[in-house]
Amino acid sequence: MAIPSCINPVRYLTERQYSDNIFIKNNLFSARFANARNLFRKDLVSHYGCVNAVEFSVDGEFIVSGGDDKRVLMWTVPLAIYDQGAPVVMRTTHRSNIFCLTFDSNNEKIFSGGNDDQVLIHEVHTITSIGSIPHEKPVYGISIHPQNNNIIATAGEDGRILLFDVRDTSQDAQVVAEHNSGFHSVKFNPLKPRYLVTANSEEGIQLWDCRKPKSQLLHYDSQSGKTNGISACFDCTGKKVLALRRRLPPVLYNAESESSVCQFYHPQYYNSCTMKTCCFAGENDEYILSGSDDFNLYMWKVPTDDSEWGASHMVLRGHRSIVNQVRYNNHNKLIASSGVEKMVKLWSTLPISNWKGSILKEHTEPVRAIYTHEDYMSIVVSTDRINHDYSDQSINEDTKMMAFFDSLIQREIEGWDSKTDATFSTDTDSDEEDSTKVIAKIFKNGASTYTELKKYRSNRIMQLISKKKNTLARLARSKSTSYVHRYNQHKAHKRKSTKSKARKHNGTHKKSKKSPAERETAKRQKKEPRTSKYLTRQSARNMAENAEATSNGRSLDAISNGHSLDTPSTSTGITSSEVAVFRLVEDDSDDEVRPANGGGEVEDSVVEGNFVNILPTPLNGTRDVLINVLEVVDEDTRNSRNQTIEEEIIQDTAAVNSLSNTNSIDDAYNTESSDSDFEYLHTPKRRCISVSADSGCGTGPSSSSSSCSTKDLRSHHQVSGSRTADDSDKKNRGRWSTKTRKSVRRKIGADSDEN
């Protein structure tokens, strides 16, 4: 096929020869991007596990990457693109998965953060670590101040955005933002670094001012309801914000306006199973890039008119599993992407050396065979275990890892109940409109047509995503500015018509009389906290408390299978599963006072042994897990465990009955067995159990026991001191029932830990 003159380099060389315009680079690359239907690609292979983070240096000279193998690798771009030399490996490794990293503006330092609750500072010249910044929880995002390399901002699972001065890490960190849910990303404004944009798992996308800590400036799309923010970044001018939200297409905002400018929809795009990022591309940030669960990298064009939907420009195919990270560098015009595979993939509009691909021909290689959940389970049973042991230092494709994520995607899509993601609706909506007109309206096509995508639906993952396209389209439309505005108008009109009907009645309406029981029920419902549709650490803790309170009368199988606590992951977001997986987490009570800095002193108890032997963790997962293998428990083993637990409960209950004649709580605390047989005066710091029903990548926080002071106990004794012995016996039995339930949970967790 002949190369069109608009993208032929010879034309630009001729113009430079006979005209005064000697700067042809930008024009050439812009023309090739605008007319491309595919790109040339190159694999950088050196990691031993999933590549969770990738970043260019500012000048495009270097690429830094990190992942599940806990190593930070630095690639020299001019050498890497020609397969000359190996990457430089930083000598200091993390104790667990790496989730984020970045260069400073001078390429002198590399900052990396991850699952081991710290940020490491690597010196490029000596490739050694020159310091670390401890945090309370995993670190998911890092951003360097564009005008001061000593100031960094971090986003973590502890629900805080922190500012540090690396020249003196002993000083207290500035808390810019704080929520009960975790932050997934943070970015400085490139021209006005006093502003920060963040993505939060429950609060969505927000804008903050460092001069006004803990007071948000803007909450983007606040009128369209809460969303699960995944990633957010500024363009090169700092005037626009690009963001990702779970199960929604990428969205673009004006930095100073809450309403969205446009969204970028594609029928096959899906971002639910892992944490992903998005970025701008092109000379003037005229393109949008984001990875998808269907193994593809999607590229859209930013509309130049008032359209609410960006046009799909091209789909870059070539990855063999989920694409999570994507970056574009304007100096060398390269795109870097990574994900579940053990490599970083580079993309270019120019043919370089032995790079594969084309700029005009679409990718036609068949997609690899997709593993089913049964295939994954058979691999687990037939092999030793699935963990993060990379001692073999293999760079070959990991079959177990591929099968794990294939099973993860399929179970997540099949188990997704679209009713949990409520969308706006009006009286004019209809199923016919949703299924036939919505997609045609919001899918703005570019180089290819939607019908051409059918030839790529040869695997089950693409088929499942295609079945959900109508629901995803309605969900995306419900977040558009025009639809939200129309919905609010409809709601206001309906409220106004209701009031007008009330005025037409003779006299004023009298409130209906309710019975005392109905009033008490309504009052109790009003006081109960509203359940969030995004299950995070706090909502999971509440669910664990409810599960513990209602566990009487339920079988131990139901508790151990995790039906009472369906906790999603920070990385997967899964809310249903068929396989029970147990997790150990720290009991982080909200009553504890957090230190002002990133986490205070790091205890020696946090050692590498706490983070090894983990099931394959999706990107931006959590470290609160100590699992060696996914166990398939047969019926005989489960019955024997249940029988052992029931025998222990009978023995413990008999021991409590022997103490039922104790006349006061104070006397009970003076007995030798008070530390084990009765509630503590203060909740001890300990590790507790959380039952997670996801695929092994869940956050899994459990409930925190509330502390009780001695003063409260004594006052309770004074009030109830005149009660009979029967009342005292009932009180002790009621208190012991709580302890019994905790004993059952500890036993279940112990069985899981032994696995």
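The values are calculated or read from the model by the stated rules, or taken from the named source; none is laboratory data. All values derive from a computational prediction rather than experimental measurement. We work out accessible area using only protein heavy atoms, side chains counted, and drop any ligands, DNA or RNA first. Shrake-Rupley method; radii C 1.70, N 1.55, O 1.52, S 1.80 Å.
When only Cα pairs under 8 Å and 6 or more residues apart are kept, what is the percent relative contact order across region 38-99? Walk me through the intermediate numbers first.
Numbers: 102 pairs, mean separation 18.3, N = 62.
It comes to 29 percent, rounded to a whole number.
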Rounded to the nearest Å, the spacing of the alpha-carbon centers of region 307-323 and region 73-143 is 28
To the nearest Å², the heavy-atom accessible area per residue of region 151-310 with 1.4 Å probe amounts to 30
With x for Gly and Pro, the residue-by-residue ³J(HN,Hα) of region 395-406, computed from phi through the Karplus equation 6.51 cos²θ - 1.76 cosθ + 1.60 at θ = phi - 60° and given in whole Hz, is 9, 6, 4, 8, 5, 5, 5, 4, 5, 4, 6, 4
For region 127-144, in residue order, the Karplus 3J(HN,Hα) values (coefficients 6.51, -1.76, 1.60; θ = phi - 60°; whole Hz; Gly and Pro = x) are 6, 10, 7, 10, x, 8, 10, x, 10, 7, 9, x, 9, 9, x, 9, 9, 9
A 1.4 Å probe over the protein heavy atoms gives region 293-425 a carbon and sulfur accessible-area percentage of 47
Amide H neighbours of VAL261 at under 5 Å, excluding residues fewer than 5 places away on the same chain, with H built from the backbone geometry, are LEU252, TYR253, ASN254
With the 1.4 Å probe rolled over protein heavy atoms, region 27-86 has an accessible area per residue in Å² of 31
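Are any of the pairs LYS70/LYS342; LYS25/LYS240; LYS301/LYS333; LYS192/LYS226; LYS226/LYS479 more than 20 Å apart by Cα-Cα distance, and if so, which?
LYS25/LYS240; LYS192/LYS226
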If amide H atoms are modeled at 1.01 Å from N in the peptide plane, then the residues at a separation of 5 or more from GLN174, or on another chain, having amide H under 5 Å from its own are LEU163
In region 69-123 the accessible area split gives carbon plus sulfur, as whole percent at 1.4 Å, a share of 46
Taking the alpha-carbon centre of each part, the distance from region 206-241 to region 387-416 in Å is 33
Residues whose modelled amide H sits under 5 Å from the amide H of SER290, counting only those 5 or more places away in sequence or on another chain, are TYR298
A correct Karplus calculation of ³J(HN,Hα) over region 197-206, with 6.51 cos²θ - 1.76 cosθ + 1.60, θ = phi - 60°, whole Hz and x for Gly and Pro, returns 10, 10, 10, 10, 5, 10, 8, x, 9, 9
